[in-house]
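Each remark here refers to the structure printed beneath this line.
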Amino acid sequence: MTNHLFDVLHEQYTKRVNHSLAQSLVMIEPSLLKEAMEYSLLAGGKRIRPFLVYAAGSMFSCELEKLDAPAAAIEAIHTYSLIHDDLPAMDNDDLRRGLPTCHIKFNEATAILAGDALQTYAFSLISDAPMLSDSCKISMIKELAKASGIQGMCLGQQLDLQSEHHTISLEELKWIHKNKTGALIKAAILLGLFAAGDEAKQYQQDLMLFADCIGLAFQIQDDVLDVIGDKNVMGKNNGADQQLEKNTYTSLIGVEQSIQTCQHLYKQAIEALDKIPYNSEALRQLADFIITRNN
């Protein structure tokens, strides 16, 4: 698969998840809260986590219709985390996806509630999915709850806040990233595997190694872009981590070594996919995108 074909596939998956989200939002009664949810959820973004759901499931010939709900759900969780990340009490950002952040567009209280609503909305998307079995729904809900809460993303966010204004070790930073970013990326792949069924389970360990590698690479590339990225391309302000005195890979080991670390993680990710006798080209191209992206 060439990069052009990857772009085509990425566009296809993005359209699917956006359509799924838009259709489900139609069922919600109009309100200011719904407007704030829609504003952030449909504002664009790379849709990497939905891509992972679709790519992992499709590798084992799972129907795309079965993957729509979990893909939409994980994007809802991700968007909720971004809304809360941008709040004055957290990173205090005023730009996200090229637009004013939710609390700037509306107000702080509405942004908090929009994030809260998106979190619970994610679980209703899975529980209401007509094409998934009850046992599959339970597995998905359990994994998504684990990855987004105290055993995953929220823990990573708290550890990240605690580490501001003082230097931590590289291993401590890796642990933060493993939870803050990596947990939801692993969950995305697992949601795709759960939808695909028993055939996919025997390759779960290899795919989890792949997820660990690209999850960390994704965050390191974010750290690099925060230093050398173009604000107009990224759709958000750069230099924010330095202003908040956050620990990043670039602050601890520099830009060049951070880029080299990304390359090493990419190699490990591809080696993990080499062990799987199915067409994993979409995941390979995604790994390439993660370490070469400029936004």
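Using just the helices of the chain, give the 222 nm mean residue ellipticity in deg cm²/dmol: DSSP H runs with n ≥ 4 each add -39,500 (n - 2.57), and the total is spread over all residues, rounded to 500. That calculation yields -22500 deg cm²/dmol at 222 nm.
The amide H of K46, built 1.01 Å from its N in the peptide plane, has no neighbour under 5 Å, considering only residues 5 or more places off or on other chains. Of the residues L173, P277, H10, the one whose Cα sits farthest toward the positive end of the charge dipole of the chain, with +1 on the Cβ of Lys and Arg and -1 on the Cβ of Asp and Glu, is P277. Distances between placed amide hydrogens fall under 5 Å for L95 paired with T101, N237, all partners being 5 or more residues away or on another chain.
Checked against a 30 Å cut-off, the cross-linked pairs K15/K142; K201/K267; K246/K267; K15/K174; K15/K180; K105/K267 give Cα-Cα distances beyond that limit for K15/K174; K105/K267. Just checking the listed ones, Q23, Q119, Q263: in the Gaussian network model of the chain with Cα springs under 10 Å, the one fluctuating most is Q23. Charges were assigned to the Cβ only: +1 to each Lys and Arg, -1 to each Asp and Glu. The resulting dipole of the range 3-292 about its Cα centre is roughly 360 debye. Applying a length cut-off of 15 Å (Cα extent along the axis) and a mean Kyte-Doolittle floor of 0.5 to the DSSP H helices of the chain leaves 48-59, 108-127, 183-196, 204-228, 281-292. GNM on the chain, alpha-carbon springs under 10 angstrom: the most fluctuating residue among I83, I270, I138 is I138.
Amide H to amide H distances under 5 Å link G149 with C154, where only residues 5 or more positions off or on other chains count and H is placed in the peptide plane. Suppose R0 equals 41 Å; then what is the FRET efficiency for H165 and L32 from their Cβ-Cβ distance, rounded to the nearest 0.05? Rounded to the nearest 0.05, the efficiency is 0.70. Computed over the chain, the range of Cα coordinates on each principal axis works out to 48, 47, 36 Å, biggest value leading. Contact order for the chain, expressed relative to its length and based on alpha carbon pairs under 8 Å spaced 6+ residues apart, stands at 21 percent. For P130, neighbours were defined as the other residues whose beta-carbon sits under 15 Å from its Cβ, and their charges (Lys and Arg +1, Asp and Glu -1) total -3. Taking a sphere under 9 Å around the Cβ of A269 and counting the other residues whose Cβ falls inside, with K and R at +1 and D and E at -1, yields a net charge of 0.
FYI, it's all coordinate maths here, none of it is from the lab. Source: prediction; values computed, not measured. Please note: Cβ atoms are built from the backbone with ideal geometry, for glycine as well, and neighbour counts cover all protein chains shown.
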